[in-house]
Amino acid sequence: MSGSAPRHFLVGVGNAGVTVLDLLALNNLEMKGLLCVNNDPESLSASVVTDRLGVPEGDPSEAFLAIDGPFGDMVSGASSVVLCGGLGGESGSFLLPALAILAKSSGITVAACVGMPFSFEGKQKRELAASALEKLRTVCDAVAVIENDRLTGGSPSTAAVGEAFSLSDRTILAALQALQGMITNSGPVKITRSDIKSVLGVPGAVTLFGLGTAKGPNRLHEALEHALKSPLLTAPGKNTPGGALAGVSTVLLLLRGPADLSFAEVQVAVSEIERIAGEGCQIKTGVHADLSPDAPITLSITASSGGGQTAEKPKTTLLSEIPEAKPLEPAAQVATRAKAEPTPVADSIKPVSSAKPIKSTAGASTKGDKQSAGKQTQGTLDLDSYQRGRFDKSEPTIVAGEDLDVPTFLRKGIKLTQPHRN
Amino acid sequence: MANEQIFVGLEIGTTKICVIVAESRADDQISILGVGETPSRGVRKGEIVDMATVTECVREAIVDAEEKTNVEIGNVWVAITGSHLRSFNNRGTHTLPHAGQIQQEDLDMVQANAKEVALPPPNTFLHTILQAYHLDGNRNVIDPLDSEGIQLEADFHIVHGIKTRITNHLRCVEELNLEIEDVVLSSLASAQVVVTQHQKDLGVLVIDIGGGTTDYLIYNDGAVRHSGVLAIGGDHITNDISVGLKLPIARAEMLKIQEGSATDPSESEVGVITLKNDPGFLGCDIDRRSLETIIHCRVKEIFELVRADIENAGGGMLGLLGAGVMITGGCAKLRGIAEVASEVFDQAVQVSTARNVGGALQTFENPQYSTAIGLTKYARLITKDAQPQGMLERITQGFGGLFKKGGR
């Protein structure tokens with residue numbers, strides 16, 4: 001590849017993937033390394049992304065033959081490929097794992113950011129999605145899973161269908177950018193790929209993700225507040241911002257902003273997340289301070305909860321197999337497996353798609369559970385986790401890295417007796 | 001004119017805007033003629049965030065003071081605070097071309113030399129407060145004027161802040177066609193009335209805890225040694241109560257005033273405070289210990305932060321507080337606050353209000369007026385025809401002069 005070829009690719013797969021990349025391209029006109037892959041010619045022709053690969057209609061595994069060569073050529077020499085799209089549809093469920101295998105076989109770091117179908121889209125779609133997700137997890141270094149049901153607070157009946165899909169696309173986009181930001185981070189503070197793996201490589205885990213953007217003197221707090229209020233970070237069944245983070249073992253925190261992004265701001269974000277996630281939570285921080293001076297800061301929080309086993313073991317065995325396999329064969333395997341055995345796979349994923357089983361295991365936690373499911377319990381305080389009260393919109397008072405507008409007793413973790421309503 | 005003997009102090013605080021009209025008496029004391037006051041809106045952490053609203057509030061307070069005292073207010077002394085204010089000590093040196101009597105211009109020169117420091121670009125000098133002169137190695141010369149010497153040195157306590165923020169503070173006053181005599185650091189103003197000259201000589205720490213900020217100042221050997229502003233005040237206590245006990249801000253404020261105590265909750269009795277139903281508010285029982293825990297944590301932290309800042313400034317100043325610690329400002333009325341301060345500073349602590357002031361008694365007995373009353377006392381000291389009492393009180397240049405000469 002020539003020196004000017006992009007080192008990092010973002011690949012939108014299927015209709016959802018193309019929509020997400022379009023959203024990205026419209027806001028970042030000069031962005032390079034975007035590629036759309038779809039079997040819907042209409043969607044491709046309407047896309048603003050210039051690099052597109054059309055998959056012919058027909059049997060997916062045969063059709064894939066038509067693009068594997070061009071795709072391999074495009075990404076060869078790249079350092080990372082981040083795939084995005086929606087699982088559950090025929091195209092996304094097949095193409096995403098197939099492309100991941102193809103890229104992985106060239107020794108490229110592969111991550112994926114995928115949306116799981118809404119419940120109202122039907123059981124079959126969810127099963128297909130679960131099967132595809134498992135395949136993705138075995139191949140990719142990291143998979144961020146956006147549970148669409150959680151975005152609408154679990155009650156899609158009250159959410160407009162169009163708005164729900166649009167929210168899903170926007171969330172996938174935000175997670176995609178965060179994931180890419182972490183992978184391509186040029187510093188000064190970096191999140192390593194093994195950090196990403198440790199969070200997003202956990203099979204069966206629910207991805208917790210939030211993004212906030214803000215400008216002005218109180219930008220850190222506002223961005224943090226937006227991020228914590230993201231639906232995926234809200235504790236299931238509660239409106240506590242950032243509540244879902246309580247008890248997670250690792251949080252990836254990525255901050256991007258202008259050069260004046262201060263150490264104190266980073267520290268405040270870290271200590272705030274530490275407070276919410278509880279003691280024992282490791283926070284892996286990445287900081288980009290290379291944006292233009294008037295750019296807002298962007299803060300993303302990524303974590304995962306639940307999940308049965310650690311990522312490393314199954315992955316190393318599987319990944320070691322892949323380079324030996326020719327690009328075509330695993331793709332064909334994927335296709336056959338996707339059709340032949342969706343149900344047992346779906347069963348193994350089921351607890352992931354709903355937060356309830358996780359909570360119930362928390363109650364009857366065994367020692368083995370403590371690392372994962374048990375951590376869904378509330379923190380030490382039954383208070384809204386992010387509280388600056390009347391100082392919410394004012395310039396923060398930060399001394400020695402502590403945000404003094406947050407009540408002292410909260411920062412010290414002191415428990416209070418709550419008022420008894422008459 | 002009688003007006004020459006009348007001084008008006010204006011404090012634009014986070015909780016209230018207060019105008020004190022005082023006249024100087026023959027016995028060198030000041031006598032309060034009246035107080036104009038209005039609740040403050042548009043001020044956060046001691047700094048102006050809504051200029052138009054603050055200007056209107058200042059106008060109301062001035063009108064209130066004029067009505068109560070029958071004095072037409074034209075000139076005011078304004079207190080200033082805010083987390084942007086910083087301070088440091090610096091020594092200026094001036095060598096006379098040849099041995100001779102020290103002239104006023106030599107004193108000016110040594111002060112100018114002390115200010116030859118690079119401030120951050122947006123900042124400007126607010127105060128250059130004289131600490132001591134040294135003449136040819138003779139330390140702590142009270143008044144070197146007309147003495148013979150070659151090498152003149154002087155130590156100053158220098159306060160500076162972000163110019164635009166100071167300007168905004170003053171613009172609210174200028175909009176009302178009031179002339180600003182000078183701008184005075186809040187803690188410096190408060191100290192004028194809450195501590196005596198004797199205490200300043202012995203060494204004293206003055207802590208003024210207001211609604212939005214905590215301002216502190218250390219005197220030793222009669223001179224200002226350190227000053228600081230922490231943008232934490234009574235509003236934070238109220239907010240903590242509101243967050244912790246899930247009460248509306250107004251309810252939390254009332255609870256703080258009526259029942260609040262900074263006492264260590266482990267030493268207090270278990271009890272319940274019943275808040276009655278109100279329109280829009282469902283009554284509840286509050287655990288007294290929880291309330292005290294919230295307040296104690298915050299108050300203790302404020303004192304710990306002040307202590308840490310003083311320790312960081314070096315010079316072992318906390319060991320030189322012969323007269324202990326004086327607490328003033330609205331929060332000084334909080335029960336048990338002196339005990340917490342005493343524990344943190346390991347010093348004798350007193351809650352202090354304005355002293356050696358005559359006139360409306362209730363006014364100067366309330367610590368929340370210390371700054372505004374202090375402004376009038378400060379004004380009295382600065383404008384006295386004769387030299388101020390002792391050279392240590394002489395504040396050689398203030399910020400307000402710049403504004404007057406600037407023709408604004």
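The values are calculated or read from the model by the stated rules, or taken from the named source; none is laboratory data. Note that this is a predicted model, so its numbers are computed, not measured. All Cβ positions, glycine included, derive from the backbone under ideal geometry; neighbour counts span all protein chains shown.
Can you tell me which residue is surrounded by the fewest Cβ atoms within 10 Å (Cβ to Cβ) among those in the range B:324-349 that are under 17 Å from the mean Cα position of the chain (by Cα) and outside any loop (DSSP other than H, G, I, E, B)? Looking at the filtered set, the residue picked out is B:Lys333. In the condition set (1) at positive phi; (2) more than 23 Å from the chain's Cα centre (by Cα), A:Gln124 is compliant with all but (1).
Yes/no per residue for (1) outside the structural domain of A:Phe9 (by TED's automatic domain parsing); (2) crowded, with 23+ Cβ neighbours inside 10 Å; (3) over 14 Å from A:Val11 (Cα atoms); (4) under 25 Å from the mean Cα position of the chain (by Cα):
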| site | (1), (2), (3), (4) |
| --- | --- |
| A:Ser43 | no, no, yes, yes |
| A:Glu57 | no, no, yes, no |
| A:Gly69 | no, no, yes, no |
| A:Gly86 | no, yes, no, yes |
| A:Leu96 | no, yes, no, yes |
| A:Leu99 | no, yes, no, yes |
| A:Ile108 | no, no, no, yes |
| A:Phe120 | no, no, yes, yes |
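Screening B:Asp235 on (1) of a type in the set (D, E, K, R); (2) more than 8 Å from chain A (Cβ to nearest Cβ); (3) buried (at least 23 other Cβ atoms within 10 Å of the Cβ) shows it passes everything except condition (2). Of the strands (runs of 3 or more DSSP E) lying entirely inside the range A:1-92, none contains at least 2 residues that are in contact with a His (Cβ under 8 Å, 6 or more places away or on another chain) and more than 24 Å from A:Met182 (Cβ to Cβ). Scanning for something part of a strand (DSSP E or B), surrounded by fewer than 19 Cβ atoms within 10 Å (Cβ to Cβ) and of a type in the set (Ser, Thr, Tyr), does the range A:279-294 turn up at least one residue? Yes, that holds for at least one residue.
Taking the range A:406-421 as the range and being within 7 Å of another protein chain (Cβ to nearest Cβ) and charged (D, E, K, R) as the test, the residues that pass are A:Lys412, A:Arg421. Taken together, the residues in the range A:189-224 that are assigned by TED's automatic domain parsing to the domain that holds A:Thr298 and of a type in the set (Asp, Glu) amount to 1. Looking at B:Leu205, B:Leu217, just one residue is aliphatic (A, V, I, L, M), buried (at least 24 other Cβ atoms within 10 Å of the Cβ), at pLDDT 95 or above and in contact with a Ser or Thr (Cβ under 6 Å, 6 or more places away or on another chain), and that residue is B:Leu217. Among all positions in the range A:189-202, there is no residue which is assigned to a strand (DSSP E or B) and more than 19 Å from A:Val251 (Cβ to Cβ). Looking at A:Leu35, A:Leu26, A:Leu21, just one residue is in contact with a Leu (Cβ under 6 Å, 6 or more places away or on another chain) and not polar (S, T, N, Q), and that residue is A:Leu21. When we screen A:Leu29, A:Leu44 for residues that are of a type in the set (A, V, I, L, M, F, W, C), closer than 16 Å to A:Gly92 by Cβ and at pLDDT below 85, the only hit is A:Leu44. Give the residues of the range B:264-275 that are surrounded by 15 or more Cβ atoms within 10 Å (Cβ to Cβ), within 12 Å of chain A (Cβ to nearest Cβ) and touching an Asp or Glu at 6+ places or on another chain (Cβ under 6 Å), sorted by residue number. Selection gives B:Pro265, B:Ile273. Inspection of the range A:93-100 identifies at least one residue that is among the small types (Gly, Ala, Ser) and touching a residue at least 60 places away in the same chain (Cβ under 8 Å). Condition test on B:Ser227, is it away from chain A (no Cβ under 14 Å), of a type in the set (S, T, N, Q) and within 28 Å of A:Val406 (Cβ to Cβ)? Yes, satisfied.
A Cβ distance below 8 Å, combined with a sequence gap of six or more or placement on separate chains, defines the contacts here; from the range B:119-142, residues that are more than 24 Å from B:Ile382 (Cβ to Cβ) reach residues that are charged (D, E, K, R) and surrounded by 12 or more Cβ atoms within 10 Å (Cβ to Cβ) in the pairs B:Pro122/B:Lys163; B:His134/B:Glu153; B:His134/B:Asp155; B:Leu135/B:Glu153. Candidates are the residues of the range B:207-241 that are assigned to a loop (DSSP other than H, G, I, E, B) and not acidic (Asp, Glu); the one that is nearest to B:Gly314 (Cα to Cα) is B:Gly222.
Of the conditions (1) acidic (Asp, Glu); (2) in a strand (DSSP E or B); (3) more than 19 Å from B:Asp182 (Cβ to Cβ), B:Glu11 satisfies every one except a single condition; which number is it? Result: B:Glu11 fails condition (3) only.
Given the structure, is B:Phe156 surrounded by fewer than 22 Cβ atoms within 10 Å (Cβ to Cβ) and either within 21 Å of B:Phe88 (Cβ to Cβ) or modelled with pLDDT of 95 or more (or both)? So B:Phe156 does not fit the description; no. Please verify whether B:Ala112 is modelled with pLDDT under 95, surrounded by fewer than 22 Cβ atoms within 10 Å (Cβ to Cβ), aliphatic (A, V, I, L, M) and not in a loop (DSSP other than H, G, I, E, B), treating the condition exactly as stated. For B:Ala112, the condition - modelled with pLDDT under 95, surrounded by fewer than 22 Cβ atoms within 10 Å (Cβ to Cβ), aliphatic (A, V, I, L, M) and not in a loop (DSSP other than H, G, I, E, B) - is met.
The residue of the range B:1-17 that is farthest from B:Asp28 (Cα to Cα), among those that are surrounded by fewer than 24 Cβ atoms within 10 Å (Cβ to Cβ), at pLDDT 90 or above and not hydroxyl-bearing (Ser, Thr, Tyr), is B:Lys16. From the residues in the range B:276-304 that are part of a strand (DSSP E or B) and more than 8 Å from every other protein chain (Cβ to nearest Cβ), which one is surrounded by the fewest Cβ atoms within 10 Å (Cβ to Cβ)? Looking at residues that are part of a strand (DSSP E or B) and more than 8 Å from every other protein chain (Cβ to nearest Cβ), I get B:Asp278. Checking A:Lys135, A:Lys125 one by one, the residue that is part of a helix (DSSP H, G or I), buried (at least 20 other Cβ atoms within 10 Å of the Cβ), free of Cβ contacts under 8 Å to residues at least 40 places away in the same chain and not β-branched (Val, Ile, Thr) is A:Lys125 and no other. Of the residues contained in the range B:189-201, none is found to be buried (at least 24 other Cβ atoms within 10 Å of the Cβ) and assigned to a strand (DSSP E or B).
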